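Asker: One structure is given below, represented as structure tokens, and several questions about it will come after.
The values are calculated or read from the model by the stated rules, or taken from the named source; none is laboratory data. Computed from a prediction, not measured in an experiment: that's the story for all the values here. With ideal geometry, Cβ positions are generated from the backbone for all residues, glycine too; neighbour counts draw on all protein chains shown. Note: areas computed on protein heavy atoms with side chains; ligands, DNA, RNA excluded. Shrake-Rupley method; radii C 1.70, N 1.55, O 1.52, S 1.80 Å.
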Amino acid sequence: MSSAQRPDRSGTDLTAAVEQAAERLVVLWGQAQQSVGTRVSPSQLQALMIVQHHGQINLNGLAVELEAMPSSASRLCDRLQAAGLLARTASPANRREVMLALTRDGQRLLAEVSDTRRRDLARVLRGMSLAGRQALLAGLTEFAASAEHGSDIAPQERRA
């Protein structure tokens, strides 16, 4: 392929390719959630993953991470607790503070979703060439580092 025929991967073509890949990844994620027969919504699954990441988190901390009002986070936790996926306890340091932790069923659910996601991703990756997988790994590593540094910039500064 001559250089005139190669797509421009430095600008909008690259952005579109990343967007398309991300959309397909979101579909894989959704299929993984559905395939394990989860009885939780995407926002409830996100809340469980946040709690898992922290090990234990208070209700206000969860609300901040979800970018939700504490009352909305509390209702979400009510449903997760009723489903047996989340436990609430009073903080030993401050009995008015509600601490959240996964139950065994919550841990099992997240492990099942993660296992399904990894299997589905492995299937897709097996369809790629070795060179493609190596390039993807290098690109994703750099992308993650750039995104991490970019998250320190205020939204108005990014537009400038």
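Asker: Mind ranking 45, 121, 25 by accessible surface for me, highest first, 1.4 Å probe?
Answerer: 25, 121, 45
Asker: Between residue 68 and residue 27, what is 0.36 nm times their sequence separation minus the Cα-Cα distance? Round to one decimal in nm.
Answerer: Extending this stretch completely gives an extra 12.3 nm.
Asker: Toward the positive end of the charge dipole of the chain, about the Cα centre and with charges on Cβ (Lys, Arg +1; Asp, Glu -1), which of 144, 90, 71 goes farthest?
Answerer: 90
Asker: Given 0.36 nm per residue, what is the gain on full extension from residue 60 to residue 46 after removing their alpha carbon distance, in nm?
Answerer: 3.5 nm
Asker: Which of the trypsin sites (Lys or Arg not before Pro) found in region 8-57 are loop residues per DSSP with 15 or fewer other Cβ atoms within 10 Å of their Cβ?
Answerer: Here the sparse-neighbourhood loop sites are 9, 39.
Asker: While we're looking at this one, here's another question. Can you tell me the dipole magnitude for region 65-120 around its Cα centre, using point charges on the Cβ only (Lys, Arg +1; Asp, Glu -1), in Debye to the nearest 20?
Answerer: 160 debye
Asker: So which GluC sites (Glu not before Pro) in region 35-115 pass both tests, a DSSP loop state and at most 11 other Cβ atoms within 10 Å of the Cβ?
Answerer: 67
Asker: Along Cα→Cβ, 7 Å out, is where each label goes; now give me the distance between the ones at residue 90 and residue 112 in nm to one decimal.
Answerer: The answer from the label model is 3.4 nm.
Asker: With n ≥ 4 as the cut-off for DSSP H runs, can you work out [θ] at 222 nm for the chain, using -39500 (n - 2.57) per run divided by the number of residues, rounded to the nearest 500?
Answerer: -22000 deg cm²/dmol
Asker: Give me the distance in nm between label points sitting 7 Å out from Cα along the Cα-to-Cβ direction at residue 83 and residue 131, one decimal.
Answerer: For the pair residue 83/residue 131, the computed spacing is 4.5 nm.
Asker: Throw me the Rg/Rh for the chain, computed over C-alpha atoms with Kirkwood Rh, two decimals.
Answerer: 1.07
Asker: Here is a further query. Compute the relative contact order of the chain as a whole-number percentage, counting only Cα pairs closer than 8 Å that sit 6 or more residues apart in sequence.
Answerer: Averaging sequence separation for qualifying contacts and normalising by length gives 20 percent for the chain.
Asker: While we're here: What length, rounded to one decimal in nm, is gained on full extension from residue 39 through to residue 104, with 0.36 nm per residue of separation minus their alpha-carbon distance?
Answerer: 21.8 nm
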